[in-house]
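Readers should treat all values here as calculations from the given coordinates under stated rules, not as data from a laboratory. What you see is a predicted model; the values in this text were computed from it and never measured. Every residue, glycine as well, gets a Cβ built from its backbone with ideal geometry; the counts of neighbours run over all protein chains shown.
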Amino acid sequence: MRDDSTWNRLTPEQCETLDEWLFEERLGYADALARAGKEFGLQASLSSIGRYYRRRAQERQVLELLKAQNAASELNDQPVKVDDLRKAAVKLLAKAALKWAVEKPEQLEEVASLTKILLWSEDNDIRRARLKLAEKYFHFEATAASIEELPQLRAYLDVVGDDASLNHEEKIKRVHAILFGWKRSKSDTVEPDKSRNGN
């Protein structure tokens, strides 16, 4: 929209009224243009009000995003659990779907949409439960495997520790190789433990 556009001459109150016509009442361009001419005494073209609408739609979208960000920031600062909010949201959706089905049974699309959201939410709950179970199983398996290998690992470490032919640096390298399965490069240095005198 050009800087010299007719719509730039609107007062803030007139802009608010025009926005209400376009975004709340959802008037078409022609109807909004006729009403603006009648109430504000403005003469403009359909293409200019179209440009005005698109610009205001972008500005309103940015404003809504900022409001959502502020609301999210305030919510993040509250001592509220996400799981509790999720459960409450699902209950509200279920209540809305039930109310819609009873009061407006002819509007099946809206009821179907809410029902799909509820089913997706339940499906996500099942996935989360499976993931938690898989994590517990993984930790259990890892713990069980490590317990079985502990005696052998302890024996390896004892052999390295008791080997008088190795200095402290060499013992560290051997321990690293046993624990992590890799050899440190020559550039890797470890300060020797002088209190152990190389043992």
FRET efficiency (SER47, LEU75; Cβ distance; R0 35 Å; to 0.05) is 0.25
Labelled set (i) 16.7, 56; (ii) 34.8, 102; (iii) 23.9, 94; Rg and Dmax of the Cα atoms in Å computed from this model equals the value at (ii)
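May I ask you to list the GluC sites (Glu not before Pro) in region 1-64 that are in a DSSP loop and have at most 11 other Cβ atoms within 10 Å of their Cβ? Please list the in-between numbers first.
On the way: sites: GLU13, GLU16, GLU20, GLU24, GLU25, GLU39, GLU59, GLU64; in loops: GLU25.
Listed in order of number, the matching sites are GLU25.
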Summing -39500 (n - 2.57) over every DSSP H run of at least 4 residues in the chain and dividing by its residue count gives a helix-only mean residue ellipticity at 222 nm, to the nearest 500 deg cm²/dmol, of -25000 deg cm²/dmol
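What GluC sites (Glu not before Pro) does region 116-178 have in DSSP loop regions with at most 14 other beta carbons within 10 Å? Please list the in-between numbers first.
Values: sites: GLU122, GLU135, GLU141, GLU148, GLU149, GLU169, GLU170; in loops: none.
Counting only loop positions with at most 14 other Cβ atoms within 10 Å, none of the GluC sites (Glu not before Pro) in region 116-178 qualifies.
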Distribution output for region 1-78: share of Cα-Cα pairs per 5 Å bin in percent, first bin at 0, values 3, 15, 23, 23, 12, 8, 7, 5, 3, 1, 0
Using alpha carbon centers only, region 90-114 is separated from region 1-54 by a whole-angstrom value of 36
Amide H proximity to LEU27 below 5 Å, modelled H, separation 5+ or other chain, gives LEU22
Candidates SER113, SER47, SER73; GNM for the chain (alpha-carbon contacts under 10 Å) flags as most fluctuating SER47
Most fluctuating of ASN76, ASN124, ASN167 in the GNM of the chain (C-alpha, under 10 Å) is ASN167
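Output needed for region 62-168: three equivalent-ellipsoid semi-axes, defined as square roots of 5 times the C-alpha gyration tensor eigenvalues, in descending order, whole Å. Don't skip to the answer; put the middle values down first.
Values: eigenvalues 617, 93, 21 Å².
Each semi-axis is √(5λ); the values are 56, 22, 10 Å.
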